[in-house]
Amino acid sequence: MDGLDVAFVEGNVYSRSKEITGRFGGSPQGGIAHSRQTPAVFIFTGEGGEKFGYVDKWDDAEQVFTYTGEGQVGDMTFVRGNAAVRDHGVEGRALHLFKKVSRNGRYRYMGEMQCASTSMVRGPDKYGDEREIIQFQLVRVRAIPEVMPATDVNDLPAGSQFPSPPTSLASLRAAAYKAVKPPGTKITTNTPRSIYQRSRSVVEYVFARAQGSCECCDSIAPFRRPDGTFYLEAHHTERLSDNGLDSPVFVAAICPTCHRRIHHGSDGKATNAALRRAIAAKESLVI
Ligand SMILES: [Zn+2]
Ligand SMILES: [Zn+2]
């Protein structure tokens, strides 16, 4: 099953067994369910969100959701579900948050999330023994500003140089792969903005890789931006949403026609699958 199949409506209530993990894969129990069939990780938070005294909750500005990792006894480590949440961007998986609404396995969809950072806190386990606890800082993907190429003049912070100095494809690529990994220390200021800054590294590299031609149909970009750069759009091949942070293997720079075709065309899925293979081949060739 394709990542573009995984669509939920924010605020709607779904049955975990029938409509979430039962349909798209992942464990029927536990807080974190990472699917083997689809590029998705489903995370479930309780009614009060409490797990041994820890509460999953939004910060005051409703920008950052703190989600406690899985593991009832001993130190939590980045294996299984915890690794899946931290690495969802690197692995091209969408992270979907659900909140429990009833005892009979029904959950409200809170939206697609991005793991911004992780942090460790000390606290008791199931038996009251002190241990390391993983906390994930998640933001809603829709709260992240839309991705634009780094050369967009309106988006440069005040006082910064324009245009940016020429950089090699290899160094742009290295920066892109570095940016996609969540830091192990909590981001404390404007988390959506910080993810946007990191996602720009990915998009900047992907646009440089495309060299002015659509990575889907190979046609030259249909027009140029006011600053002279070629107009292409960033598309995530594994996810329904195009903003957020993902590995360059799962992001393509494509023309508006191919982009519409993938999201709205009768052959959209096949076109997306071909694009995914083309990008994987390209990335395996780039050193
Ligand atoms: Zn195209
Ligand atoms: Zn797209």
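For region 1-19, what are the residues that are at pLDDT below 95 and of a type in the set (V, I, T)?
V6 - this is the single residue of region 1-19 that is at pLDDT below 95 and of a type in the set (V, I, T).
Take region 241-256 and flag every residue that is of a type in the set (A, V, I, L, M, F, W, C), near ligand 2 (Cβ under 10 Å from one of its atoms) and in contact with a helix residue (DSSP H, G or I) (Cβ under 6 Å, 6 or more places away or on another chain).
Of the residues in region 241-256, the ones of a type in the set (A, V, I, L, M, F, W, C) are 245, 249-255.
Keeping just the survivors that are near ligand 2 (Cβ under 10 Å from one of its atoms) gives 251-252, 254.
If the condition is that a residue be of a type in the set (A, V, I, L, M, F, W, C), near ligand 2 (Cβ under 10 Å from one of its atoms) and in contact with a helix residue (DSSP H, G or I) (Cβ under 6 Å, 6 or more places away or on another chain), then V251, A252 are the ones that fit.
Within region 134-182, count every residue that is at pLDDT 90 or above, in contact with a helix residue (DSSP H, G or I) (Cβ under 6 Å, 6 or more places away or on another chain) and more than 27 Å from M120 (Cβ to Cβ).
3
Quick one: how many residues across region 183-201 are touching a helix residue (DSSP H, G or I) at 6+ places or on another chain (Cβ under 7 Å) and in a helix (DSSP H, G or I)?
Total meeting the criteria: 3.
A278: in contact with a Leu (Cβ under 9 Å, 6 or more places away or on another chain), at pLDDT 95 or above and within 16 Å of ligand 2 (Cβ to nearest atom), yes or no?
Details: in contact with a Leu (Cβ under 9 Å, 6 or more places away or on another chain): no; at pLDDT 95 or above: yes; within 16 Å of ligand 2 (Cβ to nearest atom): yes.
Answer is no for this residue.
For region 216-230, which residues satisfy the criterion of being more than 13 Å from ligand 2 (Cβ to nearest atom) and either in the same structural domain as H96 (by TED's automatic domain parsing) or touching a residue at least 12 places away in the same chain (Cβ under 8 Å) (or both)? Before you say what the answer is, go through the steps one by one.
Here is the first cut: in region 216-230, the residues more than 13 Å from ligand 2 (Cβ to nearest atom) are 217-230.
Matches in region 216-230: C217, S219, A221, P222, R225, P226, D227, T229, F230.
Among the residues that make up region 39-51, is at least one of them touching a Ser or Thr at 6+ places or on another chain (Cβ under 6 Å), part of a loop (DSSP other than H, G, I, E, B) and more than 19 Å from L240 (Cα to Cα)?
The answer is no, given that none of the residues of region 39-51 is touching a Ser or Thr at 6+ places or on another chain (Cβ under 6 Å), part of a loop (DSSP other than H, G, I, E, B) and more than 19 Å from L240 (Cα to Cα).
One line per residue, one yes/no per condition, for (1) modelled with pLDDT under 95; (2) farther than 12 Å from C115 by Cβ:
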| residue | (1), (2) |
| --- | --- |
| H34 | yes, yes |
| F42 | no, yes |
| G48 | yes, yes |
| W58 | yes, yes |
| Q63 | yes, yes |
| T68 | yes, yes |
| F78 | no, no |
| N82 | no, no |
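Within region 216-234, how many residues turn out to be within 16 Å of ligand 1 (Cβ to nearest atom) and either within 20 Å of the chain's Cα centre (by Cα) or not in a strand (DSSP E or B) (or both)?
Our first condition is that a residue be within 16 Å of ligand 1 (Cβ to nearest atom); within region 216-234, this holds for 216-224, 230-234.
The next check asks that each one be either within 20 Å of the chain's Cα centre (by Cα) or not in a strand (DSSP E or B) (or both); those that pass are 216-219, 221-223, 231-234.
So the answer is 11.
Any chance you could count how many residues in region 243-270 are buried (at least 18 other Cβ atoms within 10 Å of the Cβ), assigned to a loop (DSSP other than H, G, I, E, B) and within 16 Å of ligand 1 (Cβ to nearest atom)? Give the steps one after another, and end with the answer.
The initial filter retains those residues of region 243-270 that are buried (at least 18 other Cβ atoms within 10 Å of the Cβ), namely 243-255, 258-259, 261-262.
Pick out the ones that are also assigned to a loop (DSSP other than H, G, I, E, B) and you get 243-247, 255.
Still in the running and within 16 Å of ligand 1 (Cβ to nearest atom): 255.
Residues in region 243-270 being buried (at least 18 other Cβ atoms within 10 Å of the Cβ), assigned to a loop (DSSP other than H, G, I, E, B) and within 16 Å of ligand 1 (Cβ to nearest atom): 1 in total.
For a quick check of your reading of the model, give me the residue pairs whose first member lies in region 246-272 and is in contact (Cβ under 8 Å) with a residue 40 or more places away in the chain and of a type in the set (D, E), whose second is part of a helix (DSSP H, G or I) and more than 9 Å from ligand 2 (Cβ to nearest atom), with beta-carbon atoms closer than 8 Å and at least 6 apart or on different chains.
So the pair list comes out as D246/S199; D246/V202.
Is it the case that some residue within region 202-215 is touching a residue at least 24 places away in the same chain (Cβ under 8 Å), touching a Leu at 6+ places or on another chain (Cβ under 9 Å), in a loop (DSSP other than H, G, I, E, B) and within 16 Å of ligand 2 (Cβ to nearest atom)?
yes
The values are calculated or read from the model by the stated rules, or taken from the named source; none is laboratory data. Bear in mind that the values here come from a model prediction, so they are computed numbers and not experimental data. Cβ: placed from backbone, ideal geometry, glycine included. Neighbour counts: every protein chain shown.
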